[in-house]
Amino acid sequence: MSRKKIALIGGGQIGGVLAQLIAQRQLGDVVMYDIVEDLPQGKCLDIAEASRIDGFDIVVKGTNDYKDIEGSDLVIVTAGLPRRPGMSRDDLLTTNAKIMKTVAENVKQYAPNAISIIISNPLDAMVTLYKKITGFPENRVMGQAGVLDSSRFATFIAWELGVSVKDVNALVLGGHGDTMVPIVRYANVNGIPAMEILEKKYGDKNKAKEVMTAMVERTKQAGGEVVKLLKTGSAFYSPASAAIAMAESIIYDEKRVLPVCAYLNGEYGVKGYYVGVPAVLGEKGVEKVIEFDLDAEEKALLNNSVNAVKSLVADMERLGF
Ligand code: APR
């Protein structure tokens with residue numbers, strides 16, 4: 001049986017961590033494409049030279065030629081410019097749309113059967129454009145946002161409650177922007193509602209609510225918090241880890257239920273847009289969107305987020321993409 005071939009389009013910060021994680025987990029052979037000459041070749045050589053130490057036995061190849069991605073099973077796209085301090089994800093729209101257009105045209109030509117995970121920002125717009133240009137079926141094009149946003153939310157809850165993050169489940173829905181919707185009602189520690197533990201901790205419902213609201217807000221701003229600290233780029237370790245969780249579920253047909261930026265066909269009352277929702281990820285890509293009942297407040301917040309996605313997509317279309 002042949003090994004999976006994984007194309008990384010973009011060999012920057014996230015691309016580099018992706019290549020290393022894929023190699024260490026032996027998920028498949030890696031081909032990393034970037035427009036910058038020698039950069040992907042240098043990164044891949046560096047990673048390959050750790051193979052004896054880490055004990056992996058796969059091919060890690062850098063290239064500036066799209067032809068080398070031919071026949072890839074999985075494509076992970078990070079090509080584009082990252083956010084700089086003070087810059088919103090939406091500011092990136094025009095620049096990254098131009099890049100995404102070229103990427104999509106080339107993946108369509110060289111890897112027409114691949115499943116694609118888009119990471120480039122502004123995510124909801126980039127994944128929409130990529131889907132439009134490739135014409136790939138909905139199940140084979142998705143975006144990474146929710147796995148990371150949910151992990152951030154879970155991390156803050158674990159820190160606050162002083163429990164292992166492994167036991168915290170937290171879900172974030174909606175667009176990958178300031179309007180994202182952390183679902184407080186279902187945040188739990190091994191099934192126990194996180195709010196209940198918080199209320200017991202503080203012995204005061206209002207105080208517990210205040211603390212939870214602060215964690216929700218921090219989750220929504222978490223990308224910006226990292227940008228502010230790094231000063232020269234945006235988060236890269238955690239987005240790479242998040243995409244790897246998705247890739248593993250697809251490659252090993254795990255059918256994990258992960259929050260994914262998926263194309264909606266009426267689910268959650270949305271048709272024709274990419275929005276962050278829980279979905280089953282398996283060998284066919286997005287195999288099923290899982291719906292659950294939202295309460296009135298959650299519904300309003302999700303609608304608000306969907307509207308933000310719609311206006312972002314409309315902006316992009318107005319710009320000619
Ligand atoms: N084709 C391929 N690669 C490109 C192109 C292009 N047309 N234009 C730029 N690139 C490459 C850059 O050369 C760079 O190596 O994309 C890479 C992006 O890497 P970084 O700038 O290090 O950005 P990174 O931190 O990896 O984030 C990538 O993911 O989370 C998002 O907001 C983030 O949009 C950004 C993307």
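The values are calculated or read from the model by the stated rules, or taken from the named source; none is laboratory data. Nothing here was measured: the structure is a model prediction, and the numbers come from that model. Methodologically, a virtual Cβ is constructed for each residue, glycine included, from the backbone with ideal geometry; neighbour enumeration extends over all protein chains shown.
This table checks each residue for (1) on the phi > 0 side of the Ramachandran plot; (2) of a type in the set (Asp, Glu); (3) not assigned by the TED database to the domain that holds Val313.
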site: Ile133; (1), (2), (3): no, no, yes
site: Pro137; (1), (2), (3): no, no, yes
site: Gly162; (1), (2), (3): yes, no, no
site: Leu171; (1), (2), (3): no, no, no
site: Val181; (1), (2), (3): no, no, no
site: Tyr186; (1), (2), (3): no, no, no
site: Val189; (1), (2), (3): no, no, no
site: Ala194; (1), (2), (3): no, no, no
site: Lys205; (1), (2), (3): no, no, no
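Out of all the residues in region 138-157, is one or more within 13 Å of the ligand (Cβ to nearest atom), hydrophobic (A, V, I, L, M, F, W, C), in contact (Cβ under 8 Å) with a residue 24 or more places away in the chain and more than 23 Å from Glu248 (Cβ to Cβ)?
No, region 138-157 contains no residue that is within 13 Å of the ligand (Cβ to nearest atom), hydrophobic (A, V, I, L, M, F, W, C), in contact (Cβ under 8 Å) with a residue 24 or more places away in the chain and more than 23 Å from Glu248 (Cβ to Cβ).
Give just the number: which of (1) modelled with pLDDT of 95 or more; (2) under 16 Å from the mean Cα position of the chain (by Cα); (3) of a type in the set (S, T, N, Q) does Asn265 not satisfy?
Every condition holds for Asn265 apart from (2).
May I ask you to list the residues in region 215-264 that are acidic (Asp, Glu) and either touching a Phe, Trp or Tyr at 6+ places or on another chain (Cβ under 7 Å) or under 25 Å from Val30 (Cβ atoms) (or both)?
Glu248, Asp253, Glu254
Applying the selection to region 130-175, what residues are under 27 Å from Asp73 (Cα atoms), surrounded by 22 or more Cβ atoms within 10 Å (Cβ to Cβ) and over 15 Å from the mean Cα position of the chain (by Cα)?
Thr134, Phe136
Would you mention how many residues in region 233-262 are of a type in the set (D, E, K, R) and assigned to a helix (DSSP H, G or I)?
Residues that pass the stated criteria total 1.
I'd like the full set of residues that are aliphatic (A, V, I, L, M), farther than 19 Å from Gly285 by Cβ and part of a helix (DSSP H, G or I), limited to region 130-165.
Ala154, Ile157, Ala158, Leu161, Val165
Need the failing condition index for Ile6 against (1) outside any strand (DSSP E or B); (2) surrounded by 15 or more Cβ atoms within 10 Å (Cβ to Cβ), just the number.
(1)
Six or more apart or on different chains, Cβ under 8 Å: which pairs go from a residue in region 25-46 that's free of Cβ contacts under 8 Å to residues at least 24 places away in the same chain to one that's within 14 Å of the ligand (Cβ to nearest atom) and assigned to a helix (DSSP H, G or I)? Could you list them?
From region 25-46, no pairs qualify.
Would you be able to tell me the number of residues in region 252-264 that are over 14 Å from Met142 (Cβ atoms) and touching a residue at least 12 places away in the same chain (Cβ under 8 Å)?
3
Take the residues of region 23-66 that are within 15 Å of the ligand (Cβ to nearest atom) and in a loop (DSSP other than H, G, I, E, B): which is surrounded by the most Cβ atoms within 10 Å (Cβ to Cβ)?
Looking at residues that are within 15 Å of the ligand (Cβ to nearest atom) and in a loop (DSSP other than H, G, I, E, B), I get Asp34.
What is the one condition in (1) in the same structural domain as Cys261 (by the TED database); (2) modelled with pLDDT of 95 or more; (3) under 24 Å from Lys299 (Cα atoms) that Gly175 does not satisfy?
(2)
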